[in-house]
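The values are calculated or read from the model by the stated rules, or taken from the named source; none is laboratory data. None of the values given here were measured: they were computed from a predicted structure. All Cβ positions, glycine included, derive from the backbone under ideal geometry; neighbour counts span all protein chains shown.
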Amino acid sequence: MPHDPKVFLEDVRLAAQEIQEFTRARLLTDYQADRLLRAAVERWFIVIGEALTRLEKLDTTWVGKISEFRKIVGFRNVLVHGYEAIDDAIVWKTLQDYLPILLGEVEGQIAILEKH
């Protein structure tokens, strides 16, 4: 396991950017109709949750700066273990409303690490 928090923060940033790129100029109805898109978005959300879980094990200071850390990890757990209960509308709302906040928080932390 890497010993540098930046590795995990970069993983979160990449995953968030990929989700944003995949869903740019798309609507919820597009998302619901495209099985491949749903799979890709869910996969990147799983990466985000897993990277944050590993970051917490490395250093709790960094995840303490993620405003919805526990909810993000819980969301990852639903995607992995409760796949039958996934609600496309909730995934869509999450990527529209909360992903930009997470991305901003993570980019801020990466900037702090790059200064040191």
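Laid out as a table, the results:
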read-out	value
Near pairs, Cβ below 7 angstrom, 6+ apart or cross-chain, from segment 10-27 (at pLDDT 95 or above) to any residue that is assigned to a helix (DSSP H, G or I) and surrounded by fewer than 14 Cβ atoms within 10 Å (Cβ to Cβ)	none
Filter result (surrounded by fewer than 17 Cβ atoms within 10 Å (Cβ to Cβ), closer than 19 Å to residue 28 by Cα and of a type in the set (A, V, I, L, M, F, W, C)) within segment 89-116	89, 90
Inter-residue pairs, beta-carbon under 8 Å, first more than 20 Å from residue 18 (Cβ to Cβ) and in segment 78-105, second of a type outside the set (Ser, Thr, Tyr) and assigned to a helix (DSSP H, G or I), 6+ apart	85/78; 89/28
Selection within segment 28-50 - touching a residue at least 12 places away in the same chain (Cβ under 8 Å) and of a type in the set (D, E, K, R)	38, 42, 50
Unique match (being closer than 19 Å to residue 13 by Cβ, surrounded by 12 or more Cβ atoms within 10 Å (Cβ to Cβ) and among the β-branched types (Val, Ile, Thr)) among 86, 48	48
From the options 40, 25, residue that is outside any helix (DSSP H, G or I) and surrounded by fewer than 19 Cβ atoms within 10 Å (Cβ to Cβ)	25
3 or more residues under 13 Å from the mean Cα position of the chain (by Cα) and aliphatic (A, V, I, L, M): qualifying helices (runs of 4 or more DSSP H) within segment 45-94	69-81
